[in-house]
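The values are calculated or read from the model by the stated rules, or taken from the named source; none is laboratory data. Since the model is a prediction, treat every value here as computed from it, not as a measurement. As a convention, Cβ positions derive from the backbone with ideal geometry for all residues, glycine included, and neighbour counts pool all protein chains shown.
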């Protein structure tokens, strides 16, 4: 079973990471992934430092998980 982490980011106060979290947990279950951690940042994407992302990358270097699941929306 693959070990997965979930990464959510929102940049405004009227956005809620819980929506992303629900979808990502559902996707992990459908694919048979074991969720080993969840990381959330409430910060603009243009910021160089994101605490949740930084922590996730530290854990990636330690080999703590196999796959990252993220939720994305693209506006055209």
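Considering (1) out of contact with any helix residue (DSSP H, G or I) (no Cβ under 9 Å at 6 or more places or on another chain); (2) surrounded by 12 or more Cβ atoms within 10 Å (Cβ to Cβ), say which one residue 7 fails and leave the rest.
Evaluating residue 7 over (1) out of contact with any helix residue (DSSP H, G or I) (no Cβ under 9 Å at 6 or more places or on another chain); (2) surrounded by 12 or more Cβ atoms within 10 Å (Cβ to Cβ) leaves (1) as the failure.
If residue 30 satisfies all but one of (1) in contact with a strand residue (DSSP E or B) (Cβ under 8 Å, 6 or more places away or on another chain); (2) at pLDDT 95 or above, what's the number of the condition it fails?
(1)
Just to be sure before I move on: is residue 18 modelled with pLDDT of 95 or more and on the phi < 0 side of the Ramachandran plot in the structure I sent? Even if it seems obvious, please write down each step before you answer.
On the way: modelled with pLDDT of 95 or more: no; on the phi < 0 side of the Ramachandran plot: yes.
So residue 18 fails the test.
Looking at the structure I just gave you, is residue 50 out of contact with any helix residue (DSSP H, G or I) (no Cβ under 8 Å at 6 or more places or on another chain), at pLDDT below 90 and surrounded by 13 or more Cβ atoms within 10 Å (Cβ to Cβ)? Steps first, please.
Numbers: out of contact with any helix residue (DSSP H, G or I) (no Cβ under 8 Å at 6 or more places or on another chain): yes; at pLDDT below 90: yes; surrounded by 13 or more Cβ atoms within 10 Å (Cβ to Cβ): yes.
Yes.
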